[in-house]
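As structure tokens, the structure follows; a few thoughts come after it.
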There are 2 protein chains.
Amino acid sequence: MYKISDAARRAALTVKTVRYYADIGLVKPAGRSAAGYRLYAESDIAKLGFIGRARRYSFSIEQCRDLLSLYEDDQRPSAEVKRITLEKIAEIDRKLGELQELRDELSHLAGNCHGDSRPDCPIIGNLASGLTVQ
Amino acid sequence: MYKISDAARRAALTVKTVRYYADIGLVKPAGRSAAGYRLYAESDIAKLGFIGRARRYSFSIEQCRDLLSLYEDDQRPSAEVKRITLEKIAEIDRKLGELQELRDELSHLAGNCHGDSRPDCPIIGNLASGLTVQ
DNA sequence: TCTAACCTTCTTTTTACAGGAAGGTTAGGC
DNA sequence: GCCTAACCTTCCTGTAAAAAGAAGGTTAGA
């Protein structure tokens, strides 16, 4: 059984985060010491690591909760997991498209900005008017 | 002079957002009616639109505040604006890279998941072990 | 005059923690 | 056996950028 800082280190999370997950009932410690310290079992560490990776994959806490219940269920239907994952991929694709568009616009604007002290900066002009710089 | 809902509509923002911007002192209405209604001048609408576009360009409120002060200053040095913009582009590039990586990993995992009721789902397996599926 | 559609301020909620205060516990060194 | 540093606890506040809602005042049109 591991104390919270060991559990956090082994799961590559912060102590604050692990405590938070316990508070919201996402991963509760297997037990408590006589002094009230949270004690984590090996399987808890695995769950924390699981959550950590899913979070890094930008799954929300609620999605992590769903995934965790599937993970804990030996009879888990992989169709559900796949569905959530495909949904997440679609979401990432949307975000990629938006970001790419934004990047293009900004770099176009920056390319037309002299970068000196003249007051006619197309970045400002564009933001003010909503027009695209030619 | 426009009431808040007209101002919001013309700037393509919500009433809540416009009120919020007034509260934090980002764009204060030119005046108030006898009844206390916020009244926005044409120039306020321009500023709100400016902020709206900058926000959609993922500038933070604080960056918007900086940009706005540059926008309001006729003697604005465009070098500063260009610097902020280039910084923002670099940030977007980092985010694009991360998202692309994430997308590849997830789509790889989903591609190896049968999506039926068999319990051996590689997505779950990967999240549980932290290993990459071959 | 009535009513729908406005408007006001104030408070709470959201997400996923981080930071800090006040105080108890433990491990190692002397 | 004591000291101190490094743990641990709970509780409270703060973050970004609004959204949502409550309670109540205003206005425009029929």
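Which whole-Hz couplings ³J(HN,Hα) result when phi for each residue of region A:81-97 is put into the Karplus expression 6.51 cos²θ - 1.76 cosθ + 1.60, θ = phi - 60°, listed in order with x for Gly and Pro?
For region A:81-97, the Karplus curve yields 4, 5, 4, 4, 5, 5, 4, 5, 5, 4, 4, 5, 4, 4, 5, 4, x Hz.
Compute the signed sum of charges (Lys and Arg +1, Asp and Glu -1) over the other residues within less than 12 Å, Cβ to Cβ, of B:ARG38.
My count for the surroundings of B:ARG38 gives +1.
What accessible area per residue comes out for region A:2-57, rounded to a whole number of Å², with a 1.4 Å probe?
52
Near A:MET1, within a Cβ-to-Cβ distance under 15 Å, what is the net charge of the other residues, with Lys and Arg +1 and Asp and Glu -1?
Overall, the nearby charge balance is +4.
At a cut-off of 50 Å², which residues of region A:87-104 become less accessible once all protein chains are present than in their chain alone, using a 1.4 Å probe?
By number: A:ILE89, A:ILE92, A:LEU96, A:LEU99, A:LEU102, A:ARG103.
What total accessible surface area, summed over both chains, is buried at the interface between chains B and A, computed with a 1.4 Å probe and given in Å² to the nearest 100?
Result for this pair: about 4300 Å² buried.
A:VAL27's amide H: which non-local residues (gap 5+, or another chain) put their own amide H closer than 5 Å, with H modeled 1.01 Å from N in plane and none for Pro or chain starts?
Answer set, sorted by chain and number: A:ALA22.
For region A:2-57, which whole-number percentage of the solvent-accessible area (1.4 Å probe, protein heavy atoms only) is attributable to carbon and sulfur atoms?
Of all accessible area on region A:2-57, carbon and sulfur atoms account for 51 percent.
For label points placed 7 Å from Cα toward Cβ, what is the shortest-first list of nm distances from B:ASP93 to its copies?
For B:ASP93, the inter-copy label distances come out at 2.7 nm.
Within 10 Å of each Cβ in peptide B:50-56, how many partner chain Cβ atoms are there on average? Round it to a whole number, please.
3
Quick check: the distance between the Cα centres of region A:1-49 and region B:96-112, to the nearest angstrom?
29
For region A:3-19, what does the Karplus curve 6.51 cos²θ - 1.76 cosθ + 1.60, with θ = phi - 60°, yield as ³J(HN,Hα) per residue in whole Hz, taken in order and with x for Gly and Pro?
Computed from phi, the couplings for region A:3-19 are 6, 4, 5, 5, 4, 4, 4, 5, 9, 6, 10, 8, 4, 4, 5, 4, 5 Hz.
What number, in percent, do you get for the relative contact order of region A:2-57 if the mean sequence gap of Cα pairs under 8 Å and at least 6 apart is divided by its residue count?
38
Mind listing the long-range amide H neighbours of A:LEU39? Cut-off is under 5 Å, sequence gap 5 or more, other chains count too, H placed in the peptide plane at 1.01 Å from N.
Amide H neighbours of A:LEU39: A:ALA30, A:GLY31, A:ARG32, A:SER33.
Provide the per-residue ³J(HN,Hα) series for region A:50-60, in order, calculated from phi with Karplus coefficients 6.51, -1.76, 1.60 and θ = phi - 60°, each as a whole number of Hz, with x at glycine and proline positions.
For region A:50-60, the Karplus curve yields 4, 4, x, 5, 4, 5, 5, 7, 6, 6, 6 Hz.
For B:TYR37 and B:GLU87, compute 0.36 nm times the residue count separating them, minus their Cα-Cα distance, and round to one decimal in nm.
14.1 nm
Could you order peptides A:92-98, B:43-49 by the average number of other Cβ atoms within 10 Å of their residues, highest first?
B:43-49, A:92-98
How much accessible surface does B:ARG32 have with a 1.4 Å probe, in Å² rounded to 10?
Answer for B:ARG32: close to 140 Å² accessible.
The values are calculated or read from the model by the stated rules, or taken from the named source; none is laboratory data. A quick note: this is a predicted structure, and the numbers were derived from the prediction, not measured. With ideal geometry, Cβ positions are generated from the backbone for all residues, glycine too; neighbour counts draw on all protein chains shown. Just the protein is used for accessible areas: all its heavy atoms, side chains included, with ligands, DNA and RNA removed. Shrake-Rupley method; radii C 1.70, N 1.55, O 1.52, S 1.80 Å.
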